[in-house]
Amino acid sequence: MFALVYASVLRLMSATVDFILWKGTLVRTSVRSISFIVMFGLSAAMFIPNRHALASGQAGRSSTSAPETDAESAANLLPGSTQLINPEALVNILQSPKAAKPLILNIGPHLLYMQAHIPGSEYIGPSSDSQGMESLLRRVKPLPRNTFIVLYCGCCPWNHCPNVRPAYYQLHKAGFTKVKVLYIADNFGADWVYKGYPTVKGQ
């Protein structure tokens, strides 16, 4: 692009000089004209490549999505990920006389909690709504950031649960480093109650 513009400028300058010499007059206005042409041509030669580079850079940025944050990536909670704890592992911790007991928070519907819940768990409320999320953050606010916390819901199949991911994301974002989510593949009844794990009913 620069070479094409520069060549065009040279041809225009040559034609202008030939015209002036043919007239036999080299006046000051002609010098000004030549200077203007030179400056305009060089400016255009520099501006066009820069404009092209800028446009290319903007296109590159727009085609690249913003990188996912660590908290957002962790909150995907894919089955088998380290952020999850399976029911059997949690039962072993609860029944071990030496294991440190986690703070277990139920972030599901109140009706399900009343029907059956894990012994010692506290009802918080669905974290998919603002009231439940406020209750969760208020409950953990005074706690040390290394507190062992287990979140669970069990309202529906794992991939459709609206509560576990936002709850985990907010605690992770708040700086809690030992948060686990109970992996309930189908629902709390099928994956906990009917398997004979410790359960409190009707309270």
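Quick note: the coordinates plus some simple rules give every number you see, no bench work behind them. All values derive from a computational prediction rather than experimental measurement. Cβ sites come from the backbone with ideal geometry, for glycine too, and all protein chains shown count toward neighbours.
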Query raised in the report: Can you list the HN-Hα couplings for the stretch 147-156, worked out from phi with the Karplus curve (6.51, -1.76, 1.60; θ = phi - 60°), rounded to whole Hz and with x for Gly and Pro?
Result: 5, 6, 10, 10, 9, 8, 10, x, 6, 6
Report summary line: Scalar couplings 3J(HN,Hα) for the stretch 170-186 by Karplus 6.51 cos²θ - 1.76 cosθ + 1.60 (θ = phi - 60°), nearest whole Hz, x for Gly and Pro, are 5, 5, 4, 5, 6, x, 6, 9, 10, 9, 10, 10, 5, 7, 10, 5, 10
Report summary line: For Val181, other-chain or 5+-apart residues with amide H closer than 5 Å (H placed, Pro excluded) are Leu84, Ile85, Leu151
Report task. Note the full-extension length gain between Lys98 and Thr147 as 0.36 nm times their separation in residues minus their Cα-Cα distance, in nm to one decimal. Result -> 16.0 nm
Query raised in the report: With the Cα gyration tensor of the stretch 70-195 giving a ≥ b ≥ c as the square roots of its eigenvalues, does the rule (a/c under 1.5 for rounded; else a/b larger than b/c for prolate; else oblate) give rounded, prolate or oblate?
Result: rounded
Report summary line: If amide H atoms are modeled at 1.01 Å from N in the peptide plane, then the residues at a separation of 5 or more from Tyr123, or on another chain, having amide H under 5 Å from its own are Asn106
Report summary line: Descending packing, highest mean Cβ count within 10 Å first, for 147-159, 97-109 is 147-159, 97-109
